[in-house]
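What follows is a set of notes on a single structure, which appears directly below.
The values are calculated or read from the model by the stated rules, or taken from the named source; none is laboratory data. Since the structure is predicted, the reported quantities are computational estimates derived from the model, not experimental observations. Note that each Cβ is placed from the backbone with ideal geometry, even for glycine, and that neighbours are counted across all protein chains shown.
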Amino acid sequence: EAQVTQNPRYLITVTGKKLTVTCSQNMNHEYMSWYRQDPGLGLRQIYYSMNVEVTDKGDVPEGYKVSRKEKRNFPLILESPSPNQTSLYFCASSTILAPSTDTQYFGPGTRLTVL
Amino acid sequence: RKEVEQDPGPFNVPEGATVAFNCTYSNSASQSFFWYRQDCRKEPKLLMSVYSSGNEDGRFTAQLNRASQYISLLIRDSKLSDSATYLCVPGGSQGNLIFGKGTKLSVKP
């Protein structure tokens, strides 16, 4: 089954404790992206990757890191989480290098709470 | 002007009603347009792609007016299962997607 998976689905942590949210897709997509969704603000792009070893900042990259060592995986790293990073996070992938012309497939989301 | 503007709703309609959502976008260079559906706390899923002046898929019709930078979504014969938030998504100038904040629809029996 074609899918995007994220782990963990729910996480409660404390300020400053490094964490990683994993994202994996089995569709051989080149493009992968991370979004956060907050009430009243909609989906905002954090980072994206056009291919292996190619990553770039989205609209709200501060406080986040990503890596793309393999095509299928695109982990999101919070080196020192803060309460303002409490949010619902979605990973997404797309079939082609121009994601604005094709469907993006989303993972089920990770609900993160930073105390 | 905000990149994507949608009426947040909620739109509360009875089953069987016809409901229309509007969306305006600021980037005149956008070439692709989508409507995504998002159920509460779930991931967004593509509902329709909008090409040329618009297209129809069953009970759903999307229309595009490039001159006015306006996209609409019409849902006919609303079902309870149509209750969700509908996201207007024009393509950005850098190959990304710009998500609107969404319009919430609640269909009542």
- Query: Can you pull out the residues in the stretch A:22-57 that are within 14 Å of chain B (Cβ to nearest Cβ) and β-branched (V, I, T)?
  - Reply: A:I46, A:V54, A:T55
- Having 2 or more residues that are within 14 Å of chain A (Cβ to nearest Cβ) is the bar; report the strands (runs of 3 or more DSSP E) wholly within the stretch B:1-81 that clear it. B:4-6, B:19-25, B:33-38, B:45-50
- Can you tell me which residue in the stretch B:1-23 is farthest from B:I75 (Cα to Cα), limited to those that are among the β-branched types (V, I, T) and modelled with pLDDT of 95 or more? B:V13
- What pairs can you find where one residue is in the stretch A:51-66 and assigned to a loop (DSSP other than H, G, I, E, B), the other is loosely packed, with under 14 Cβ neighbours inside 10 Å, and their Cβ atoms are less than 6 Å apart, with a gap of 6+ or different chains? none
- Residues of the stretch B:90-105 being modelled with pLDDT of 90 or more, in a strand (DSSP E or B) and within 14 Å of another protein chain (Cβ to nearest Cβ), which ones? B:T103, B:K104
